[in-house]
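First the structure, in the form of structure tokens, and then the observations on it.
FYI, it's all coordinate maths here, none of it is from the lab. In this text, all values refer to a predicted model and were calculated from it rather than measured experimentally. Reconstructed Cβ throughout: ideal geometry from the backbone, glycine too, with neighbour counts over all protein chains shown.
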Amino acid sequence: MNIPSRVTVYVLADDLAGLNNPFIAQHGASYWLSLDYRGKKISILFDTGAYPGPIVENITRFGLDPHTIDYVILSHNHYDHTGGLLGVLERIDHVVPVIAPSSLARTSINVGRRLRIINAPYFPAKFLDEIIARKGYPLLIDEPVKIADGVWTTGVFDHCSVNNESFFIDNGRLVPDMLCDEIALVIDLGEHGLVVTGCAHPGIDRIVEKASTIIGKRIKYVLGGLHMVDLEEHRVRETAEKLMKHGVEKIYPGHCTGLEAEYILKKTYGENCQVLRVGMNITFS
Ligand SMILES: [Fe+2]
Ligand SMILES: [Fe+2]
């Protein structure tokens with residue numbers, strides 16, 4: 001089968017920059033994936049951070065060309081993954097598929113400490129029009145879908161745990177948002193797979209399990225936001241152990257994983273845990 005021989009992930013947005021880093025950090029996730037099919041390349045932009053400015057600047061600093069983006073994938077509708085989309089689309093001179101869960105066009109609020117709008121920073125019905133006006137072609141798909149040879153989205157998840165703080169607004173009703181409406185990307189590298197996540201709200205162990213079923217191979221690498229900011233220490237350890245049981249050898253946590261969880265993951269995974277920073281690039285094969 002024709003599968004990518006190499007995949008390079010460029011970190012365009014992460015909450016961390018580190019010392020003397022010329023790249024610009026922001027709260028959010030955005031990764032540029034360059035997939036090499038023995039000479040022929042495909043570029044995927046996975047998530048777009050909260051603001052376009054730093055993304056566009058970081059694309060330039062990497063020496064990448066936005067016109068070469070073939071696909072945009074949005075993991076879920078949260079503002080810190082979708083806010084930069086329109087500004088990036090303005091730099092692309094051709095029609096580009098924008099693949100996202102159907103909840104992209106819904107309003108999400110969080111009522112934790114105070115009411116906050118947490119979906120993309122545009123009124124949802126208008127958001128799709130704004131995407132189309134910038135030559136984006138929204139493909140709202142909740143099922144796993146093949147993007148290219150060896151490259152799939154996982155589709156959204158069922159039966160997530162109850163969340164009392166997040167809601168969709170649906171015809172005047174507050175519908176609990178279980179944060180299941182998130183897709184990840186899985187890439188078949190031949191012997192094993194790579195999973196890229198936005199926030200991993202459905203749980204990274206469940207995402208890895210589903211991704212592994214989709215490509216029929218072990219997931220060796222996991223990269224992205226793992227949303228462990230609110231998890232107790234023992235739950236972080238348990239998750240790390242589950243990932244090890246699934247055969248995940250190397251993890252690259254970033255964004256909403258949280259500093260404390262990253263420290264615990266680092267202690268569990270040792271050198272095989274590399275915390276993401278904006279401006280990093282990592283090649284997988
Ligand atoms: Fe996030
Ligand atoms: Fe999120």
Listed residues LYS245, LYS40, LYS146; largest mean-square fluctuation, Gaussian network over the chain with Cα springs below 10 Å, found at LYS40
Estimated 222 nm signal from helices in the chain, with DSSP H stretches of n ≥ 4 weighted -39500 (n - 2.57), rounded to 500: -7000 deg cm²/dmol
Among PHE23, PHE123, PHE46, which one moves the most in a GNM of the chain with springs linking Cα atoms closer than 10 Å? PHE123
Quick note on TYR79, TYR137, TYR122, TYR10, ordering by fewest other C-beta atoms within 10 Å, gives TYR137, TYR122, TYR79, TYR10
In whole Hz, with x marking every Gly and Pro, tabulate ³J(HN,Hα) for the range 171-176 from phi via Karplus 6.51 cos²θ - 1.76 cosθ + 1.60, θ = phi - 60°. 6, x, 10, 8, 9, x
For the range 263-274, Karplus-derived ³J(HN,Hα) couplings (6.51, -1.76, 1.60; θ = phi - 60°; whole Hz; x for glycine and proline) come out as 5, 5, 4, 5, 5, 6, 8, x, 5, 7, 10, 10
Sorted by Cβ density within 10 Å, fewest first, the residues VAL162, VAL229, VAL278, VAL195: VAL162, VAL229, VAL195, VAL278
R0 = 35 Å: FRET efficiency of LEU259 with ARG61, Cβ-based, nearest 0.05? 0.90
Cα-based shape type of the range 97-144, given that a ≥ b ≥ c are square roots of the gyration tensor eigenvalues and the cut on a/c is 1.5: oblate
Using a 10 angstrom cutoff on alpha carbons, build the Gaussian network for the chain and name the most mobile of HIS78, HIS255, HIS159. HIS159
Classified through the alpha carbon gyration tensor (a ≥ b ≥ c as square roots of its eigenvalues; rounded if a/c is under 1.5, else prolate when a/b is larger than b/c, else oblate), the range 77-212 comes out oblate
Amide proton proximity set for ILE147, modelled H, under 5 Å, gap of 5+: TRP152, THR153
Rounded to a whole number of µm²/s, how large is the Stokes-Einstein D of the range 146-231 at 4 °C and 1.567 mPa s, given Rh as the Kirkwood radius over C-alpha pairs? 94
Fraction of antiparallel bridges per DSSP, the chain only, in percent to nearest 5: 65
Evaluate 2.2 N^0.38 Å with N set to the residue count of the chain, then give the Cα radius of gyration divided by it. 0.93
Relative exposure of MET244, MET178, judged by other C-beta atoms within 10 Å (fewest first): MET244, MET178
The rounded separation in angstrom of the Cα centers of the range 68-118 and the range 165-211 is 14
